[in-house]
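Here the structure comes first, spelled out in structure tokens, and everything after it is commentary.
Where a number appears in this text, it was derived from the coordinates with a stated rule and is not lab data. Source: prediction; values computed, not measured. Here the Cβ positions follow ideal geometry from the backbone for every residue, glycine too, while neighbour counts run over all protein chains shown.
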Amino acid sequence: MPERETEDPETAEMSEVEADADEVAPAKAKAKPKATKRAALNAKPSDPLDVPLFDSAGERQGEVRLPKVIFAEKVNTPVMHQAFVRQTNNGRQGTASTKTRATVSGGGAKPYRQKGTGRARHGSIREPSMKGGAVVFGPHPRSYAQRMPKQMRRLALRSALSQKATEGRVRVIDGFAIEEPRTSVAVGLMDAIGFDDTTLVVLPAPNFVVSRSFENLPGIKIILARNLNIRDLFTHTYLLLAKDCLELIEENFSRPERPKAGRGDQDDHDDHGDQEPQ
């Protein structure tokens with residue numbers, strides 16, 4: 001009888017590994033388009049002012065142009081730092097309080113005689129070195145509030161918004177078509193847009209349904225366009241703007257127009273020149 005050919009163990013093991021690799025390959029191929037889509041959404045645009053525009057279902061509808069007067073500001077880091085420190089300090093209550101020797105109870109008599117005890121000399125139990133005594137240079141109620149000119153605050157906000165646009169962290173949505181509060185709808189919208197980190201959602205006006213849908217999501221905060229502040233921009237990675245917010249932001253935070261020098265004098269001269277001679 002002809003001898004039966006035996007299969008090499010190493011060859012059999014290699015064939016099993018190749019078969020497993022062929023089974024795993026389709027799974028990786030399925031996961032690749034999602035990662036590619038997220039990378040394409042997070043890619044920095046050629047022009048920072050041209051940002052992706054999405055509809056209420058999270059489908060991309062092209063690009064929209066951001067206002068140049070807001071999102072093309074030269075980044076001023078010192079002013080942004082000053083505005084951030086001011087906002088955090090203004091949020092402090094300043095109610096910490098400690099007692100001095102004048103306010104702590106007790107201490108009317110000398111606790112023990114001056115000599116003969118082998119201990120240190122003390123004249124009152126209210127001394128800071130005694131247990132339950134006073135606190136030296138401790139905190140007392142005070143105000144931590146800081147003042148900052150309005151134009152500097154607006155400059156800091158424009159700088160932060162411009163930095164977000166330069167980093168490619170700004171998205172614009174046409175609207176929120178949410179009929180009733182649903183957290184699952186908000187989760188699906190965030191995944192469709194491609195957000196993978198903390199997000200600041202900016203609305204033009206209060207919307208109870210949208211707020212209730214997003215408030216249970218960790219790392220996402222709802223804020224009105226007129227209430228934009230430097231702290232929220234610093235503590236959130238992405239910025240999702242409703243399309244109607246662009247005009248409100250431009251109206252509220254743009255640089256004020258200053259009259260040209262000498263214009264008033266020229267108008268006065270023209271008025272005098274129009275007078276008829278007597």
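Summary table
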read-out	value
Packing rank of 166-174, 219-227, where each peptide gets the mean count of other beta carbons within 10 Å, highest leading	166-174, 219-227
Loop-resident sites, the range 110-216, for chymotrypsin sites (Phe, Trp or Tyr not before Pro), counting at most 13 other Cβ within 10 Å (DSSP)	112, 137, 144
Compactness index (Cα Rg / 2.2 N^0.38 Å), the range 112-154	2.43
